[in-house]
1. Checking the structure you have, find out if any residue of segment B:320-327 is farther than 22 Å from B:W232 by Cα and touching a Gly at 6+ places or on another chain (Cβ under 7 Å).
2. Select from segment C:139-158 the residues that are touching a helix residue (DSSP H, G or I) at 6+ places or on another chain (Cβ under 8 Å) and open to solvent by less than 10 Å² (accessible area, probe 1.4 Å) and list them in ascending order.
3. Only one residue in C:A127, C:A206 is on the phi < 0 side of the Ramachandran plot, buried (at least 24 other Cβ atoms within 10 Å of the Cβ) and more than 18 Å from the chain's Cα centre (by Cα), so which one is that?
4. Anything in segment D:209-221 that is touching a residue at least 24 places away in the same chain (Cβ under 8 Å), within 18 Å of D:C161 (Cα to Cα) and open to solvent by 20 Å² or more (accessible area, probe 1.4 Å)? List them, or say none.
5. If only one of D:V350, D:V274 is at pLDDT below 95 and farther than 26 Å from D:R138 by Cα, which one is it?
6. Just checking, which of D:D106, D:D162 is closer than 24 Å to D:S36 by Cβ and not assigned by the TED database to the domain that holds D:V31?
7. Taking the residues in segment A:126-146 that are in a helix (DSSP H, G or I) and within 11 Å of A:F297 (Cβ to Cβ) as candidates, determine which candidate is nearest to the other protein chains (Cβ to nearest Cβ).
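The values are calculated or read from the model by the stated rules, or taken from the named source; none is laboratory data. It should be emphasised that the depicted structure is a prediction, and the values quoted were computed from it without experimental measurement. With ideal geometry, Cβ positions are generated from the backbone for all residues, glycine too; neighbour counts draw on all protein chains shown. Ligands, DNA and RNA are stripped out before the accessible areas are found, and what is left, the full protein with its side chains, is counted by its heavy atoms. Shrake-Rupley method; radii C 1.70, N 1.55, O 1.52, S 1.80 Å.
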Number of protein chains: 4
Amino acid sequence: MEQLSIAVAGLGRMGKRHVHTLIYRVPRARVVAVCSTVPEEVEWAKNNEEYKEFGIAVYSNYDDMLAHQGLNAVWVSTSTDVHASQTLAAIEKGIHVLCEKPLSTDLKEAQSVVDIANQHPELKVMAGFSRRFDASYRDASDKIFQGKAIGSPFMVRSNTCDLRDDTGFFVRYAGRNGGIFVDCAIHDIDLSLWYLGNPVPKACWAAGTLQHHPELKDLSDVDNAVGMVEFWGGKIAYFYCSRTQAHGHDVCTEITGSDGKIMVNVMPRSNHVVVADKLGMRNQVPPEYWQRFEDAFAVEANEFTEAVLKDKPVPLPLENGIMVMKIGRALQDALLTGQLVRFDENGERV
Amino acid sequence: MEQLSIAVAGLGRMGKRHVHTLIYRVPRARVVAVCSTVPEEVEWAKNNEEYKEFGIAVYSNYDDMLAHQGLNAVWVSTSTDVHASQTLAAIEKGIHVLCEKPLSTDLKEAQSVVDIANQHPELKVMAGFSRRFDASYRDASDKIFQGKAIGSPFMVRSNTCDLRDDTGFFVRYAGRNGGIFVDCAIHDIDLSLWYLGNPVPKACWAAGTLQHHPELKDLSDVDNAVGMVEFWGGKIAYFYCSRTQAHGHDVCTEITGSDGKIMVNVMPRSNHVVVADKLGMRNQVPPEYWQRFEDAFAVEANEFTEAVLKDKPVPLPLENGIMVMKIGRALQDALLTGQLVRFDENGERV
Amino acid sequence: MEQLSIAVAGLGRMGKRHVHTLIYRVPRARVVAVCSTVPEEVEWAKNNEEYKEFGIAVYSNYDDMLAHQGLNAVWVSTSTDVHASQTLAAIEKGIHVLCEKPLSTDLKEAQSVVDIANQHPELKVMAGFSRRFDASYRDASDKIFQGKAIGSPFMVRSNTCDLRDDTGFFVRYAGRNGGIFVDCAIHDIDLSLWYLGNPVPKACWAAGTLQHHPELKDLSDVDNAVGMVEFWGGKIAYFYCSRTQAHGHDVCTEITGSDGKIMVNVMPRSNHVVVADKLGMRNQVPPEYWQRFEDAFAVEANEFTEAVLKDKPVPLPLENGIMVMKIGRALQDALLTGQLVRFDENGERV
Amino acid sequence: MEQLSIAVAGLGRMGKRHVHTLIYRVPRARVVAVCSTVPEEVEWAKNNEEYKEFGIAVYSNYDDMLAHQGLNAVWVSTSTDVHASQTLAAIEKGIHVLCEKPLSTDLKEAQSVVDIANQHPELKVMAGFSRRFDASYRDASDKIFQGKAIGSPFMVRSNTCDLRDDTGFFVRYAGRNGGIFVDCAIHDIDLSLWYLGNPVPKACWAAGTLQHHPELKDLSDVDNAVGMVEFWGGKIAYFYCSRTQAHGHDVCTEITGSDGKIMVNVMPRSNHVVVADKLGMRNQVPPEYWQRFEDAFAVEANEFTEAVLKDKPVPLPLENGIMVMKIGRALQDALLTGQLVRFDENGERV
């Protein structure tokens, strides 16, 4: 049986989970290597029984890992500032790439990755917009586009609200992520483009506030923000991002059309359990996007693997991320300047 | 304008609420008198500013109250053991009666009230099955019988589960109520007859347990019980009654038919508020049937008032309660004996 | 017993409902008169059996009605363009006023009503922000301010989304209501000021679209709009208003604080009924704000009545409406111009 | 890496799914063979591209498959009437067995399988009560036993209600499954024993009805049934099984304790999507137990695999199924005779 030999770059929280997904959910892929530049993570991986059992080589250097014999593909799960360079290094070596979103917080750099990837049609290069692989979001898409369940969609509301992180982990990495609208709302922006049929932005505005992480001030960021995008053609999207939710990872989307509305995860729940006691009736909420999107990551990894093995197009064109990033940056700029950001009818900022 | 002069017998929790309903929700009725045999309640009523404002006379004796000048009707809201005698006393004086369910825990006595009432077609005598006046239960009925929403209904599950009462109030009055299936399940039995089209019972069984009120043992009662009724013709109802819920008054009903199911209040909520915090997402639950059925009592009182003023049939025939009671007693007997109780095709116990 | 003699001005949908509320839910008030300038409505009222039964005089002229003997108070439920003049006419005659929101779509006119009312401390003049009297919104307030359930509130999301009206009724009256943010979002703005502790606006922006009522274009209005308000001090509110919902009247509010979130009516339901059938599990949604807020109107009317009879302050100061209107007008201006609207630290537009 | 070589017996709906689970979710197992006695299924499997890709041998005979070289384990997923004989045949050959529930519809036969398995402690033999591996049921267990979330549990309500099958598939196999309480309620009975701490049955009764599959009459079965079990020590369980639900696979469980209630899947939903349109707000319901329990099957298969590879006890003792079956048979007998079935304090029928 043909299997894809894949490596995972980065052994942070998500890197470890991607290794897990590949082992447990992607029978046509084999994780042959991992790497990290963090000594503790390398040490941890070298002592990991499961990694030994499944024969996973551990590297402390990305380029060394790329040279691993027989390597076909790499899942880039490092911090955003090296996504572009690592993706390009892999392309150069003829290695397929599944790169965590976003390709870069810098639009030009992101565009250059897209351009170079397009020069290598023999390689599969994809950015991981995991929600595109989620069963509920896909069901919403089917209902909207095949089922015409809501008539013509014209408005999207979408939230990405994280559980408050009191460990300091989030703040430690916040400087590299490009700001709340680039790091957090990027999925929501992507969903709005999906469900509204790739509309062109006309203007956007945003406002934010610091409620729990005053350190973000020095990074020109906030921990709660609301942003609105008006598109040409009478479509609208608006977003709420938060780093400070008490109840869990609350990520919901509503798509309103001329004849109805589709709601995805408006009342989040960890599982099927409800407790009734002195406090009333309650359910728990997933603590992280991992619990919400674990299945989506498995679908994504399987579809990417299939695209490589069967030489099919990747399920999500790499170009997609450019407009998402453009809007994310515009919202972040609006947030910081307090000004409206306007676009022309081609979606270029004016 | 013609108004109904009505009195309320009993100033326990429900009696006071009925006075409130009559004042605030029934413009065609005027509460002219109340009575209680409990000195504290009489005292309380005499000092009540609202009662003074609305000109409500306070009696310490039911018969004296019946003699109140101009009295047209009485709402009997005393303990179950005097329902029958007070209803009969009113009938004798030519006074219309709205009597709390059940007419009596003794079937013969209940039947005799029905018989005597039937001899007085000029008087409106009605037993208060309040759920019959609830908007949700009526909507369920409309959907089932007019809308054919679930095809042919063949099964009812219905619960009456009370918040645990740690004040001792419940246990104090438990001796007079006829047992858990007579006091508590009587509404559920009534609903099952309603939605199943007045089927005839064939057999029933029940089991119970004492979880919180061991004193009930001496009263031959339990604080949690499940009962099942098989009807002739392939219909089934089953009930759960409880006195010990931690989360509130949980009263739900499911009606299953050949083409669907209707659920009433399966996830109870106090109001439209949900709190999301460290414990997850939660809503409160009404503490008592009053909060759940306050509107139903207002509808009931208005419809009874209208029946009297306009000489229309009462919305719920008095006879209705007899079969309900028959089944309630059978379930209570099954609970106490551990035996099946069987009925013939006429619904007579065998 | 002392009763308030009250009249209702306007016999449109809401006027009729207010008469109903007064008759059925406000025992200390007596509706003595109604008026309308619409001949059909006057005719309808004159022939109405219930109005006859309760002795309600019918006028075709507001000023004539104000001269009704013994009249104490008036509930102004006419179209917005005459709210101010009718309120002032009543004040001039020494009659208490409960006026539907808003006092005027013109800020100066609204302010002048407030000023004149303040010169008549002997009169109770109140604007009807009915949601302030809703049990769920009050519970949210109690949980937030007494219960500290969500820490410090800093963000409000609030929607007022109406069922699509295909009768033409809505469009016919749209010209008089001041625009979607003045007519529709005004309650949401009021709620945001309530829950955020009367913050001062800093900037706002809005975008809208025409989906179903192209006629609104000529009225400089839209049928769906999103607006955001940034307040001084790091607080934010955002609103979605719609005239075109397929599923019913969907009016929800979320208040986010440092330690939690309170959601009001995020999943609207008509009653306690859920239908399970081939389509899945579903509940209906109230068609209009009347079904959602009927109880709130009764509370409002009772509290206003009590304020008059007992000479207590009205539950909601008349001044409140001014800032609400200021923000509503600013959002409407932002919507029409596409520009940001800014305020100084005193809440004056710059 | 050590892998378990496993075969799947039976290629009906569930057999195919088990192959899928093993391929996609169990990295430490390798499906080496499948078998079926149904020629069409054998043909289908031989032509299946995925089976070829993963090197799965296809047999038309169970014994031949058992002789497959290097085979370590078998997942018995055939019809209930051959569960016992196939399990014993595997044991005889020294092959580990994961057998679908129940081991047999005949209690003696089931007991003999248990006895023989106990004579082979070197072999792992487990019956597949898949709900024991479901995240929500496990969370309920943790909350009850570790978290003491509901005090002392004393009552279980549990439903297994299948979507109506109009293809004839269900009725075709109904004759082999032992009746509705043995086939359908067996999981619910198992859950009640789990959550109530393995109580001993005292008495049970059941009633059923034929609503959609009159052919079941000849098989002495019904398509809807309710059953109650009273346990020694004041505990109670009751069950509703159905073959005729219009809305989907509706499988819920409520566990009531002295201080609270835990509800599992009381409002079933296919995914996170809610549609709001003219019909109100609705979600879909999973059509089959597969969609509800797909993850549980993966957990089960992984835990069984780990038990074999690491020689650990199977997660669920084989004996467990005997009492479950005893109660299932008693309920089925009660259903057919209309009589109470009683047990002594050792759980032996009297």
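1. Taking every residue of segment B:320-327 in turn, none turns out to be farther than 22 Å from B:W232 by Cα and touching a Gly at 6+ places or on another chain (Cβ under 7 Å).
2. The answer is C:A140, C:I144, C:I150, C:V156, C:S158.
3. None of the others qualify; the one that does is C:A206.
4. Answer for segment D:209-221, where residues must be touching a residue at least 24 places away in the same chain (Cβ under 8 Å), within 18 Å of D:C161 (Cα to Cα) and open to solvent by 20 Å² or more (accessible area, probe 1.4 Å): D:Q211, D:H212.
5. D:V350
6. Being closer than 24 Å to D:S36 by Cβ and not assigned by the TED database to the domain that holds D:V31 holds for just one of D:D106, D:D162, which is D:D162.
7. A:R131
To keep it simple, each residue is scored yes or no on (1) modelled with pLDDT under 95; (2) open to solvent by 30 Å² or more (accessible area, probe 1.4 Å); (3) in contact with a Pro (Cβ under 7 Å, 6 or more places away or on another chain).
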position: D:N47; (1), (2), (3): no, yes, no
position: D:A73; (1), (2), (3): no, no, no
position: D:T80; (1), (2), (3): yes, no, yes
position: D:A90; (1), (2), (3): no, no, no
